[in-house]
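Engineer: Next up is a structure, given as structure tokens.
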Amino acid sequence: MSSAVKRLRAEARDLAKHGQDSTIYLEMDEDQPDTWHAEVLGPSDTPYSGGKFVLLIKCKPSYPIEPPSVTFLTKTFHPNVHA
């Protein structure tokens with residue numbers, strides 16, 4: 001097991017132990033620990049309020065040195081999100 005996978009499993013245990021934020025839900029794929037699924041609720045008082053955005057997060061073997069790649073699976077328009 002790589003050090004990245006060990007770190008990701010520890011982070012998943014920490015999330016389970018301490019709970020999650022009410023606007024972001026994260027779940028590790030048990031079959032592929034380097035892959036996480038996320039749901040982000042749109043912040044209130046914004047055009048995204050009431051929206052639910054699904055993301056795919058893929059971590060590299062060098063995680064946490066290299067950041068994960070994040071892909072929005074839900075179509076959205078935002079100047080910093082390129083689909």
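Engineer: Run through region 1-47 and list the trypsin sites (Lys or Arg not before Pro) located in a DSSP loop whose Cβ has at most 14 other Cβ atoms within 10 Å.
Structural biologist: On the way: sites: Lys6, Arg7, Arg9, Arg13, Lys17; in loops: none.
Passing both the DSSP loop test and the Cβ count: no residue.
Engineer: Can I ask one more? Less than 13 Å Cβ to Cβ from Leu73, Lys/Arg counted +1 and Asp/Glu -1: what total charge do the surrounding residues give? Let's see the in-between values first.
Structural biologist: Details: positive: Lys52, Lys58, Lys75; negative: Glu39.
Result for the neighbourhood of Leu73: +2.
Engineer: Tell me the GluC sites (Glu not before Pro) within the chain that lie in a loop according to DSSP and have at most 10 other beta-carbon atoms within 10 Å.
Structural biologist: Values: sites: Glu11, Glu27, Glu30, Glu39; in loops: Glu30.
Answer in residue order: Glu30.
Engineer: Then there is this: Choose one answer from Thr35, Thr71, Thr23: the residue with the largest mean-square fluctuation in a GNM of the chain with alpha-carbon springs under 10 Å.
Structural biologist: Thr23
Engineer: Which of the following values of Rg and Dmax of the Cα atoms in Å was calculated from the structure shown: (1) 13.3, 54; (2) 14.0, 44; (3) 11.9, 35?
Structural biologist: Entry (2).
Engineer: Report the extension gain between His78 and Asp45 in nm, rounded to one decimal, defined as 0.36 nm multiplied by the number of residues separating them, less their alpha carbon distance. Don't jump to the answer; show the numbers that get you there.
Structural biologist: Values: separation 33, 0.36 × 33 = 11.88 nm, distance 1.58 nm.
The His78-Asp45 span can extend by a further 10.3 nm.
Engineer: Here is a further query. Could you please state how large a percent of the accessible area of region 1-55 is carbon and sulfur, counting protein chains only and using a 1.4 Å probe? Walk me through the intermediate numbers first.
Structural biologist: Numbers: 1990 of 3810 Å².
So the carbon and sulfur contribution to the accessible surface is 52 percent.
Engineer: Here's something else I'd like to know. Counting other Cβ atoms within 10 Å of each Cβ, which chymotrypsin sites (Phe, Trp or Tyr not before Pro) in the chain have at most 10 and sit in a DSSP loop? Could the numbers behind the result be given before it?
Structural biologist: Details: sites: Tyr25, Trp36, Tyr48, Phe53, Phe72, Phe77; in loops: Tyr48, Phe77.
Filter output for the chain: Phe77.
Engineer: Cα axis of helix 3-18 to longest principal axis of the chain: angle in degrees, 0 to 90, nearest 10?
Structural biologist: Rounded to the nearest ten degrees, it is 60.
Engineer: Residues of the chain: accessible area per residue at 1.4 Å, in Å²?
Structural biologist: On the way: 6120 Å² over 83 residues.
It amounts to 74 Å² per residue over the chain.
Engineer: Now for a different question. Picking from Asp29, Asp21, Asp45, which is most flexible by a Gaussian network model of the chain using Cα springs under 10 Å?
Structural biologist: So, out of Asp29, Asp21, Asp45, the one fluctuating most is Asp45.
Engineer: To continue, here is another question. Normalised by the number of residues in the chain, what is the relative contact order in percent for Cα pairs under 8 Å and 6+ residues apart? List each step's numbers first, then the result.
Structural biologist: Details: 114 pairs, mean separation 17.6, N = 83.
Relative contact order of the chain: 21 percent.
The values are calculated or read from the model by the stated rules, or taken from the named source; none is laboratory data. Keep in mind that what you see is a predicted model, and the values were worked out from it rather than measured. Methodologically, a virtual Cβ is constructed for each residue, glycine included, from the backbone with ideal geometry; neighbour enumeration extends over all protein chains shown. Surface accessibility is based on the protein's heavy atoms, side chains included, excluding ligands, DNA and RNA. Shrake-Rupley method; radii C 1.70, N 1.55, O 1.52, S 1.80 Å.
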